[in-house]
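Laboratory data are not the source of any read-out in this text; all were calculated from the coordinates shown. Just so it is clear, the structure is predicted and the values come from calculations on it, not from any experiment. Glycine gets a Cβ as well: all are built from the backbone with ideal geometry, and neighbour counts include every protein chain shown.
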Amino acid sequence: MGLLHILIVALVQGITEFLPISSSGHLILIPALTGYEDQGLLIDVAVHVGTLVAVLLYFWRDTRGLFLAFLAAAGLGFARRSIADTRYRQLFWALVIGTLPVVVFGFVFYASGLSSMLRSINVIATTSIIFGLLLYWADKRGARERTMNDLKLKDGLYIGLAQILALIPGTSRSGITMTAGRYLGFERKDAARFSMLMAIPAILAAGSLAGIELIQKGMDGVLLDAMMAAALAFVAALGAIHFLMKWLARSNMTIFVIYRVLMGLGLLVWFNF
């Protein structure tokens, strides 16, 4: 891969993974708009590792609390004693419950070939518009009275069920989970925070699946390219997370909705007329 190709893929993945505008949709658009060949599994895994490290680092307090909650759930006494309250235990189980639906349906999508069938420009354009408008509706309709401290296990399940829709390219995993969070009445920053924490097991699951396939096919890429892509994706993702959290502290989701609708309409016109 050329340096420019690596740079484009890494920046697109890093920026779009956590903003509610669909990373999978943008990655599919790269070869369609630039003429580049598919970047391959090794680069896919690398950029996902970069974004995963970014969210782990940015929310390091939550990461620490969730790790201790995991150890406590595994029955380790010292971990149980290290948690002063139940917040992270509740959050941990909400994330577990919220991740199970997309893991099950993701396997079905992958095994049935639906994931490949839906990788079309028209699908991306349509879902970008529809779920962008749904995000706008939920953001305007949803109350702003609940915080992460109010999170219940059923909230994790509802948001996890919504996350299944992100298996359709263009929907946006972060977008649909933020939509569900806002519909349930969570403040914008807390809806985004839970969405990004939910990305941890989602990225791990997707990365593991891709990693298994990569091992089966063999390491057919260049390791230096993968390391460079991971580093660039990490920096881009860290910047995107920081921007999103600062933006939602003082504004709403409308800017992302406008982008999604304009992109969807542009793609429909460009590729169909």
HN-Hα J in Hz across the stretch 48-65 - Karplus 6.51, -1.76, 1.60, θ = phi - 60°, x for Gly and Pro: 5, 4, x, 5, 5, 4, 4, 6, 4, 6, 4, 9, 4, 5, 5, 4, 4, x
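In what sequence do Tyr88, Tyr110 fall when counting other Cβ within 10 Å, fewest first? Mind showing how you got there, number by number?
On the way: Tyr88 20, Tyr110 15.
Ordered by Cβ neighbours within 10 Å, fewest first: Tyr110, Tyr88.
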Estimated dipole of the chain in Debye, rounded to 20 [Cβ of Lys and Arg +1, of Asp and Glu -1, Cα centre]: 1100 debye
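Listing Met1, Met178 from the residue with the fewest other Cβ atoms within 10 Å to the one with the most, what is the order? Walk me through the numbers on the way to the answer.
Values: Met1 20, Met178 31.
The order, fewest Cβ neighbours first, is Met1, Met178.
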Under Karplus coefficients 6.51, -1.76 and 1.60, residue-wise ³J(HN,Hα) of the stretch 97-104 in Hz, glycine/proline x: 4, x, 8, 4, x, 6, 5, 5
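Let me make sure I get this right: for the stretch 71-173, a, b and c are the square roots of the gyration tensor eigenvalues over alpha carbons, sorted descending. Under 1.5 in a/c it's rounded, otherwise prolate if a/b > b/c, else oblate. Which is it? Don't skip to the answer; put the middle values down first.
Numbers: a/c = 4.09, a/b = 1.59, b/c = 2.57.
Since a/c reaches 1.5 but b/c is at least a/b, the shape of the stretch 71-173 is classed as oblate.
Using a 10 Å cut-off around each Cβ, can you sort His5, His48, His242, His26 from fewest to most neighbouring Cβ atoms?
Numbers: His5 18, His48 26, His242 13, His26 23.
The most exposed by this proxy come first: His242, His5, His26, His48.
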Note, ³J(HN,Hα) from phi for the stretch 120-134, Karplus 6.51, -1.76, 1.60, rounded to Hz, x at Gly and Pro: 10, 4, 5, 5, 4, 4, 5, 5, 4, 6, 4, 7, x, 5, 5
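For the stretch 3-272, just say rounded, prolate or oblate: build the C-alpha gyration tensor, square-root its eigenvalues into a ≥ b ≥ c, call rounded for a/c under 1.5, and beyond that prolate if a/b exceeds b/c, oblate if not. Write down the numbers at each step before the final one.
Details: a/c = 1.70, a/b = 1.22, b/c = 1.39.
Judged from the Cα gyration tensor, the stretch 3-272 comes out oblate (a/c at least 1.5, b/c at or above a/b).
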Net +/- balance of residues flanking Trp93 in space, Cβ distance below 13 Å, scoring K and R +1, D and E -1: +3
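Do the sum for the chain: with -39,500 (n - 2.57) for every DSSP H run of n ≥ 4, divided by all residues, what is the mean residue ellipticity at 222 nm, to the nearest 500 deg cm²/dmol?
On the way: 13 runs with 212 residues, N = 273.
Rounded to the nearest 500, the figure is -26000 deg cm²/dmol.
For Asn149 and Arg64, calculate 0.36 nm times their separation in residues minus their Cα-Cα distance, and state this gained length in nm to one decimal.
Numbers: separation 85, 0.36 × 85 = 30.60 nm, distance 1.69 nm.
Roughly 28.9 nm would be gained on extension.
Between Ser251 and Val269, what length comes free when the chain is fully extended (0.36 nm per residue of separation minus the Cα-Cα distance, one decimal in nm)? Write out the running numbers ahead of the final one.
Values: separation 18, 0.36 × 18 = 6.48 nm, distance 3.04 nm.
Taking 0.36 nm per residue and subtracting the Cα distance, the gain is 3.4 nm.
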